[in-house]
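Here is the structure we will look at.
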Amino acid sequence: MTPTAVPRPDAHELAAAGLALSVEGPVATVTLDRQEVRNAQTPAMWRMLATLGESLVTDDAVRVVVLRGAGSTFSAGLDRAMLDPAGAGDGVETVASLLALDDASMSAVIDDYQRGFTWLRDPRILSVAAVQGYAVGAGFQLALSCDLRVLAEDAQLCMKESALGLVPDLTGTKPLVEAVGYARALEICVSARMVGAAEALRIGLALEVVPTEALDETVAGLVQALTSAAPDAVRETKALMLSAAATPLEDQRRLEREAQARRFRALAGG
């Protein structure tokens with residue numbers, strides 16, 4: 001770790017939030033590990049994802065983060081017990097507890113939850129979602145938070161929030177619109193329908209779709225390719241890609257020039 005790195009949660013802390021972590025060289029694999037509820041998510045998981053993410057993006061040795069679900073599904077979305085103030089047990093933070101807050105406090109808590117998703121877009125790392133089975137609601141939004149998505153043929157994506165009278169609020173709206181355009185993103189969200197792997201590939205939600213048994217091998221090959229380039233060049237490139245859509249051409253040209261100057265200086269040792 002570098003001196004500025006954030007301490008990493010230990011295995012027991014991660015397990016208590018339904019997560020597991022393995023790190024091999026420059027690749028960190030984060031696993032949603034609640035198979036008994038199809039890796040359904042909780043506020044505790046979102047808070048721990050934010051803490052874990054901060055530790056990974058500040059660790060210069062980590063270049064790629066792979067996000068996956070344990071077992072046969074990525075994530076069934078929000079754990080429905082989190083919608084019942086009494087259903088999760090004493091002392092357990094639930095989504096239902098938001099109702100006791102005023103608007104400003106509710107917004108602040110949701111902001112904390114969103115941080116469990118936004119770190120996957122940080123230019124200091126590349127993120128890959130390996131998706132099989134269901135990625136529903138919060139699960140879909142977590143996959144959307146990643147730079148790249150590789151889907152198994154059995155993958156089913158769904159933005160379920162509107163069917164529950166809610167809206168997607170875990171940062172999924174922006175990457176969905178960027179991937180498929182306004183009209184298709186609106187239709188997917190409002191209809192709350194399932195998007196199969198083949199359609200996901202066709203409309204730009206998936207980088208690749210492979211047989212379920214080939215998912216691990218395909219992701220490993222992709223990760224090898226992603227780690228083959230110079231780390232600082234990759235970080236600069238991701239930053240440029242993130243700014244490109246919303247930045248006027250003249251400003252983007254300037255950002256490219258500035259990034260290239262930094263790369264020339266670094267390569268020259270100056």
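Only the coordinates and a few stated rules stand behind these numbers; no lab work does. Predicted model only: the values in this text are computed from it and were never measured. Counting neighbours? That spans all protein chains shown, and the Cβs are built from the backbone with ideal geometry, glycine included.
Here are the numbers for this structure:
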read-out	value
Rounded to 5, the percent of DSSP beta bridges in the chain classed as antiparallel	25 percent
Expected 222 nm ellipticity per residue - DSSP helices of 4 or more, -39500 (n - 2.57), all of the chain, to 500	-13000 deg cm²/dmol
For the chain, built as a Gaussian network whose Cα springs stay under 10 Å, the top-fluctuating residue of R115, R34, R193	R193
Under-5 Å amide H pairs with S127, H placed in peptide plane, nonlocal only	V65, D147, L148
Between helix 43-57 and the chain: long-axis angle, C-alpha atoms, 0 to 90°, nearest 10	10 degrees
With Cα atoms, 0 to 90° folded angle of helix 249-268 axis to the chain main axis	60 degrees
Dipole of region 151-270, positive end: most advanced residue of T218, A259, A179 [Cβ charges, Cα centre]	A259
Cα centroid separation - region 216-242 against region 115-190, whole Å	20 Å
Cα-based convex hull volume of region 188-230 per residue, rounded to whole Å³	94 Å³
Between helix 182-191 and the chain: long-axis angle, C-alpha atoms, 0 to 90°, nearest 10	20 degrees
Net lengthening on full extension, Q224/F264 (0.36 nm per residue, minus Cα-Cα)	11.9 nm
Cβ-defined net charge surrounding K160, 15 Å radius [Lys, Arg +1; Asp, Glu -1]	-1
Equivalent ellipsoid dimensions for region 1-123 as semi-axes, Å, which come from the Cα gyration tensor, largest first	26, 18, 12
Estimated dipole of the chain in Debye, rounded to 20 [Cβ of Lys and Arg +1, of Asp and Glu -1, Cα centre]	780 debye
GNM flexibility winner over the chain from S145, S107, S72 (Cα, springs under 10 Å)	S107
